[in-house]
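Here the structure is laid out as structure tokens; the discussion comes afterwards.
Nothing in this text is a laboratory measurement; each read-out follows from the coordinates by a stated rule. Please read all numbers here as calculations on a predicted model, not as lab measurements. Glycine gets a Cβ as well: all are built from the backbone with ideal geometry, and neighbour counts include every protein chain shown.
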Amino acid sequence: MAERPLSPHLSIWKWGPAMLVSILHRASGDGLALVGLPVLLWWLGALAGGPAAYESFVGYATTIPGIVVLVGLSWALFNHFCSGVRHFVLDIGAGYDVEANNRWSVVTTLGGVALTVAFWAALLLV
Amino acid sequence: MGEGTALGRVRGLGSAHHGSHHWLLQRFTAAGNLLTVGYLAFSLLLLGDFSYDSVRVWLAQPLPTLAIALLVVSVFWHAKLGMQVLFEDYLHGAVRFAAILLVNLAAFAGTAAGLLFLAQIMMTSVGERTATQAAQNAFAGMTGGAGQ
């Protein structure tokens, strides 16, 4: 038998930025759907429910786990926002050559982190 | 590429030729999310004070109520489409069908709940304004003044 390359398989691949941005887009989007939307409804429901309900929401939101969840959700939001904008660019057929694709994948991923930091900095410091 | 066999189409095997509809709606709702969630993020930054009264008075105004109502519709719709793709990729057979059924019901339920909460927040605010107005009128009546 001649030595031929094997077909691509789950365990045979080379890591690349586009893979990272792809799986992060899915993870952040589904994370927002499964955790973010219940938190959104809880927030709106607490506002509708009155001062006691809102105090209860704020009480949970300002514990350490609550803050971790909120910061995580904000990162998921900004990450999904950046990679979503990248999808809009790809949808018009731009950004497919390897160099540009890798560059914008990295920019997208770092952009999500940067926006998260900027949002919380603006919220807490300004 | 043909349309597949008649039996295959009935069984849902192969293209149903509705793929672009899902794809387009994912983009339309993404644009809606961009606008409404961006509006919420900037509003929260500008608001700064997250006490019950501050947030509720802000949210009960007409434009924020409208924007967040649109946000609720857009994000739940977008989430439903996204979750469906996740299920189609990783689940199979009856479990996949059940999961997609469930996410459809959940998206409608979540949208309805969000809109009802907004309506309640708005009505509470209107009720308070009416009560304040009535109290001011009563006070004006007692003192015989103009009440302003």
Looking only at segment B:47-80, which residues are more than 10 Å from chain A (Cβ to nearest Cβ) and either outside any helix (DSSP H, G or I) or more than 27 Å from A:ALA52 (Cβ to Cβ) (or both)? B:ASP49, B:GLN61, B:LEU63, B:LEU66, B:LEU70, B:VAL73, B:SER74, B:TRP77
Return yes or no: is A:LEU24 surrounded by fewer than 18 Cβ atoms within 10 Å (Cβ to Cβ) and either more than 8 Å from chain B (Cβ to nearest Cβ) or touching a strand residue (DSSP E or B) at 6+ places or on another chain (Cβ under 9 Å) (or both)? no
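Here's the yes/no breakdown for (1) farther than 29 Å from B:ALA67 by Cβ; (2) assigned to a helix (DSSP H, G or I):
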position: A:LYS14; (1), (2): yes, no
position: A:MET19; (1), (2): yes, yes
position: A:ILE23; (1), (2): yes, yes
position: A:ARG26; (1), (2): no, yes
position: A:ASP30; (1), (2): no, yes
position: A:LEU37; (1), (2): no, yes
position: A:LEU40; (1), (2): no, yes
position: A:LEU47; (1), (2): no, yes
position: A:ALA53; (1), (2): no, yes
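Of everything in segment A:75-96, what is of a type outside the set (A, V, I, L, M, F, W, C), surrounded by fewer than 20 Cβ atoms within 10 Å (Cβ to Cβ) and touching a residue at least 12 places away in the same chain (Cβ under 8 Å)? Give them in sequence order.
Here is the first cut: in segment A:75-96, the ones of a type outside the set (A, V, I, L, M, F, W, C) are A:79-80, A:83-84, A:86-87, A:91, A:93, A:95-96.
So of that shortlist, the ones also surrounded by fewer than 20 Cβ atoms within 10 Å (Cβ to Cβ) come out as A:87, A:91, A:93, A:95-96.
Result: A:HIS87, single match.
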